[in-house]
Amino acid sequence: MAQAEGSSDRTEGNALRAALDSAPQGYSVWDDEHRLVFFNQRYLDIYRFAPGTVRQGMTLAELSGLTVAVGNYPGMTADQLLARNLERFDAIRGGGPPLVSDKPVRGRLIRTSHSYTPGVGWVVIHDDVTDEIEHQWMADLQEKNLTTQSRRFEAALTNMPHGLSMYDAEGRLVICNDRYKQMYAMPEELCRPGTPFEDVAAVRKASGLVDIPGSDEFVSAVIEQGTAKNETVEAIRLPDGRIIAIRQAPMENGGFVRIHEDISAQVARFEKLRRAEAEAADQNRVLTRQNLRFDAAINNMTQGLCMFDKSEQLVVCNQRYAQIYNLPPELMRAGTTLGEIVAYRFAHGMVPISGRDQYLAGRKRLVTDGIEATDEIELEDGRTISIHHQPMPDGGWVATHEDVSEQRRIEARVRHLARHDALTDLPNRVYLREETRRIEGAIEREETVAVLCLDLDRFKDVNDTLGHGIGDQVLVTVANRLRACSREMDVVARLGGDEFAVLIPALEDPRDAATIAERVIRSVSEPMEIDGHQVAIGTSVGIALSPGDGSSIETLLKNADMALYRSKGEGRGNFHFFERGMDEALQHRRLLEQGLKVALARGELRLMYQPLVDLGSNRICCFEALLRWDHPQRGVISPTEFIPVAEESGLISSIGEWVLREACRVAAGWPDDIRVAVNLSPAQFKSRGLVGHVTRALAEAGLAAHRLELEVTESLLLADTEQTLETLHRLHGLGIRISMDDFGTGYSSLSYLRAFPFDKIKIDRSFIAGLAPGDGSAAIIRAVIGLGQSLGMATTAEGIETEAQLKAVREQGCNEVQGFLFSPPLPASSIPALLGRPMPHAPEDMPVPARA
């Protein structure tokens, strides 16, 4: 029995394996130790793994190395790929919705969905969505043409010779044209949208319309011409004797369209012809009907059709063939030679761009050799005609001609858009990859090639304040200026967002790259007048030169991007050449950014607290919350190292929220007269939700607003924006104390004090450290303390480490001090003990205060 059950399990397992191997998505399953426990065939196909190279039990590190080795992620190392994969795995270890992301793999777009199940591990679904994205793009392109198509439809509807009426799925009128109204002399109220079909039919019958049975020979012949299988046809006679043929065709949405054609003249001609041929044989009547049907068939074709005999004389052609080449009636008659038709076409500008002789030679070869072939002819008038040549057994041939100009134009536009940026029409990254052979060929010929990478300074401010419409126009203007700064052989590309690149081959002197960079910076920095707005932006440039900085476009772009990063770090509006060692610095920054993304979730961030002492009472009045990062490999990382990375990457918002909540939570357990001070980054003020974050942190902790002190730096007010001042006033209005940190280290400090009523000024530690007899720092400290007293603002001296420094600031009337002389930053657990003992360093004549 056990064997039978085992056999059944294996059978079910094999069936499951077969089902998963035939699935359109790739599957991979990983255990809690990051080892591969299952994968299907589609997973191997997507990443082009050779048979046998992927096996159960492989670690994530081993598979990351294999993935990079087979070329799936050019420019990425195995360690970088492993770090990215671990980040995604760790991000969902605690559960939650699947983590979905898109990534390019060998020119295809692969969508991955990571999910985690305790006891099972990670399940990753890999789906190739390239075609889906392309189809969506085409749908968007088609949608943009709807307005033009709608106008064309209205013009066609008004000018068509037949009456038209359209009804929806509920049998209510959607639209009808003027010809329909005239044909039946319909009252205007019955032609309004929403009129039921039954009302229209009842009025028509009441006016004396007569249905003509479908057995009438002529009506049957007429209405069968060109009728599709899914159409229904009826004929009616009007009171004035006119005969109307009505074709009704269903629509996909359940409604129907009716075409009303006055066939009175055709009926009259047919009746006359029938009387004249009444005594003809039945066979002739059958042939007549067949000829009518044949004519109707070929004249309703969307393609032009022509048939020539072995003497190159026309046997028959349809109306579409005559329309394509604008042939007069005399050239459509049987017996017209091919030479006469071709001569007419050439004389009226329909000449192949390949030349007359080559075209005629090709046609002759097809006829002589009896070859079936399809080719496309581009005419000098701009059209493209697709011709299919089909030989006949008697030496003649049949050919179909189709005007595919619009189709080819759309295809060319699609190809262009795939290689160019839709907004600026500059080449994109795809185009740059295609330029690799030409550029690298120049490098092989020992020509100097320069790559300039640049992005725009203050562009985000334009989008945030003036809107993305103005931002798009700025990008177009920048693109035009970059074109003007470049030669015809250079390549100016938009890499995405506000990032651009300029490829400069055949550079005679490497120093010319600096000249070009300066010209680009000057051009881009010139003010722009856009929709009544004066826009001023700038740009920073990074430069890489071959062969020293790389021998491929990808390497040069990467190194130029690193030089750009250095340029922005040294001050905007300048350029920097690539230097060895930049790669290591950038990798270090990226590792910091990757670590920060998971540091909060892993509990690696913590707060330390340093006391501020009130010199009037010699008691602790406040604790400043100081952020620390306990990195699992590098140990404690200084905030001066990781805070700039958090600000640039946008992580500062989530970190700042956590700091606010944690500091308020801890402070809620202190005595009511002790405040907590929290530093705010200028980047946090870019979020309009800052006030909400602060109020929620206070509410969750149950901390009174007056016990929270927010410290901001002078750099926050450099822009002097209304939003910044409004946010500060709203926070101050809640009862929160606002202090200016590091006062005196920025610019125009007095103007900032006038712009906002700060509660406190913190004197930067650099002035305290410089205190010495005759030193200028003492005068600055004296001036700042006096300024604070005159404006009603408290002053705090940072970095007090000696009794002499304490004495100096006390004598000048400083209100608070902070520094290692009193206490280093401490964990929250050490604060109760510190509050339980008196502060040292009080003057001899000051009584020791007792804490209630």
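The values are calculated or read from the model by the stated rules, or taken from the named source; none is laboratory data. The structure displayed is predicted, hence computed values, not measured ones. Note: ideal-geometry Cβ built from the backbone for every residue, glycine included; neighbour counts use all protein chains shown. Areas reflect the complete protein model, heavy atoms only, side chains present, ligands, DNA and RNA absent. Shrake-Rupley method; radii C 1.70, N 1.55, O 1.52, S 1.80 Å.
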Quick check: net charge around residue 303, other residues with Cβ under 11 Å of its Cβ, Lys/Arg +1 and Asp/Glu -1? -1
If the chain between residue 695 and residue 115 were fully stretched, how many nm would it gain, using 0.36 nm times the residue separation less the Cα-Cα distance? 205.3 nm
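Which length gain, in nm to one decimal place, applies between residue 641 and residue 246 when the Cα-Cα distance is subtracted from 0.36 nm times their residue separation?
Taking 0.36 nm per residue and subtracting the Cα distance, the gain is 134.1 nm.
What does the net charge come to around residue 766 if you take all other residues with beta carbon closer than 10 Å to its beta carbon, with K and R at +1 and D and E at -1?
So the surrounding residues net to -2.
Enter the per residue convex hull volume of the chain, computed from alpha-carbon coordinates, in Å³ rounded to the nearest integer. Spell out each step's value before the answer.
On the way: hull volume 287.4 nm³, N = 852.
Spelled out: Cα convex hull of the chain, divided by residues, is 337 Å³.
Using the alpha carbon gyration tensor of the range 67-106, what are the three equivalent-ellipsoid semi-axes (square root of 5 times each eigenvalue), largest first, in whole Å?
23, 12, 6
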3J(HN,Hα) from dihedral phi, the range 561-566, Karplus parametrisation 6.51/-1.76/1.60, rounded to Hz, x for glycine, proline: 5, 5, 5, 4, 4, 5
Counting only the heavy atoms of the protein chains, how much of residue 307 is accessible to a 1.4 Å probe, in Å² to the nearest 10? 50 Å²
Placing +1 on each Lys and Arg Cβ and -1 on each Asp and Glu Cβ in the chain, then taking the dipole about the Cα centre, the residue among 255, 735, 533 whose Cα reaches farthest towards the positive end is 255
Sorted on mean Cβ neighbours within 10 Å (highest first), peptides 697-709, 625-637 come out as 697-709, 625-637
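Rolling a 1.4 angstrom probe over the protein heavy atoms, how many square angstrom per residue are accessible across the chain? Spell out each step's value before the answer.
Values: 44430 Å² over 852 residues.
That works out to 52 Å² per residue.
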On the formula 1/(1 + (r/R0)^6), with r taken between the Cβ atoms of residue 25 and residue 343 and R0 of 60 Å, the FRET efficiency rounded to 0.05 is 0.50
With the convex hull built on the Cα atoms of the range 476-608, state its orientation-averaged projected area in nm². 11.6 nm²
Relative to the longest principal axis of the C-alpha atoms of the chain, give the angle of the C-alpha long axis of helix 468-484, reported between 0 and 90° and rounded to the nearest 10°. 80 degrees
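Leaving ligands, DNA and RNA out of it, report the carbon-plus-sulfur percent of the accessible area of the chain at a 1.4 Å probe. Write down the numbers at each step before the final one.
Working: 23010 of 44430 Å².
Percent of accessible area from carbon and sulfur atoms in the chain: 52.
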Short to long, in 10 Å steps from zero, the percent of alpha-carbon pairs of the range 379-426 per bin is 22, 30, 25, 14, 7, 2
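Average the reciprocal distances over every distinct pair of alpha-carbons in the range 298-340, invert the result, and give the Kirkwood radius in Å. Spell out each step's value before the answer.
Numbers: mean 1/r = 0.0968 Å⁻¹.
About 10.3 Å for the range 298-340.
When the chain is fully extended, how far beyond the present Cα-Cα distance does residue 447 get from residue 593, taking 0.36 nm per residue of separation? Intermediate values should be presented prior to the final figure.
Working: separation 146, 0.36 × 146 = 52.56 nm, distance 3.76 nm.
Taking residue 447 through residue 593 to full extension adds about 48.8 nm, to one decimal.
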Separation in nanometres of the label points that stand 7 Å from Cα toward Cβ, at residue 17 and residue 157: 6.2 nm
